[in-house]
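A.B. asks: Right, I'll just put the structure down here and ask away after.
The values are calculated or read from the model by the stated rules, or taken from the named source; none is laboratory data. Not measured: the values here are computed from a predicted model. Positions of Cβ are backbone-derived with ideal geometry, glycine not excepted, and every protein chain shown enters the neighbour counts. Side chains are part of the model used for accessible areas, which takes the heavy atoms of the whole protein and leaves out ligands, DNA and RNA. Shrake-Rupley method; radii C 1.70, N 1.55, O 1.52, S 1.80 Å.
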Amino acid sequence: GRRSYSEVLARHLMARLSVLENNSHQFYRPTAFLCPQAYDEWVQGEKQHIKQLLNRFWHYSLPHPSRTSASSSSSSLSARLLRADHHAAYVQLLERLVHQQESVKRHP
């Protein structure tokens, strides 16, 4: 069946959390920081931020992270969010989160 907008967003955020937990961020790796403690602090801050975002709109058990594969449609949300232009994808994600929050406020 078709996933709800909230579930797609929650799965994407869970995928971001998984990347952090596995130290597999595309740009921010432990070696990119001056010391391991700085990296650990950054990771903890990012995890906390993602969890705060999830808590704003997701009130069910956490979904499995979204996965992209070679067979994924290029029009899928995950494929669009994982394109080369990461800044634009991040802006798009934030816009969707704001839209979701506004929708929840209008229809509690």
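A.B. asks: Any idea how many residues of segment 44-64 are part of a helix (DSSP H, G or I) and open to solvent by less than 30 Å² (accessible area, probe 1.4 Å)? Break it down into steps so the answer makes sense when it comes.
C.D. replies: Here is the first cut: in segment 44-64, the ones part of a helix (DSSP H, G or I) are 44-57.
After this cut, where a residue has to be open to solvent by less than 30 Å² (accessible area, probe 1.4 Å) as well, the list is 50, 53-54, 57.
The qualifying residues number 4.
A.B. asks: Considering only segment 1-37, state which residues are β-branched (Val, Ile, Thr), more than 11 Å from the chain's Cα centre (by Cα) and under 23 Å from residue 95 (Cβ atoms).
C.D. replies: Looking only at segment 1-37, we keep the residues that are β-branched (Val, Ile, Thr), and these are 8, 19, 31.
From the residues that got through so far, the ones that are more than 11 Å from the chain's Cα centre (by Cα) too are 31.
None - no residue of segment 1-37 is β-branched (Val, Ile, Thr), more than 11 Å from the chain's Cα centre (by Cα) and under 23 Å from residue 95 (Cβ atoms), so the list stays empty.
A.B. asks: Looking only at segment 1-35, how many residues end up being in contact (Cβ under 8 Å) with a residue 24 or more places away in the chain and part of a helix (DSSP H, G or I)?
C.D. replies: 16
A.B. asks: Check whether at least one residue in segment 35-43 is at pLDDT 90 or above, open to solvent by 70 Å² or more (accessible area, probe 1.4 Å) and among the charged types (D, E, K, R), and report yes or no.
C.D. replies: To start, the set of residues in segment 35-43 that are at pLDDT 90 or above comprises 35-43.
Narrowing further to those that are open to solvent by 70 Å² or more (accessible area, probe 1.4 Å): 36-37, 40-41.
If we keep only those that are among the charged types (D, E, K, R) too, we end up with 40-41.
Scanning segment 35-43, I find at least one residue that is at pLDDT 90 or above, open to solvent by 70 Å² or more (accessible area, probe 1.4 Å) and among the charged types (D, E, K, R), so the answer is yes.
A.B. asks: Which members of segment 14-34 meet the condition of being surrounded by 12 or more Cβ atoms within 10 Å (Cβ to Cβ) and either of a type in the set (S, T, N, Q) or touching a Phe, Trp or Tyr at 6+ places or on another chain (Cβ under 8 Å) (or both)? Spell out the reasoning first.
C.D. replies: Start the filter on segment 14-34 by keeping residues that are surrounded by 12 or more Cβ atoms within 10 Å (Cβ to Cβ), which leaves 14-20, 25, 28, 30, 33.
Hits for segment 14-34 are 18, 28, 30, 33.
A.B. asks: Right, next: Restricting segment 95-108 to residues that are at pLDDT 85 or above and among the aliphatic types (A, V, I, L, M), which is farthest from residue 59 (Cα to Cα)?
C.D. replies: Selected residue: 98.
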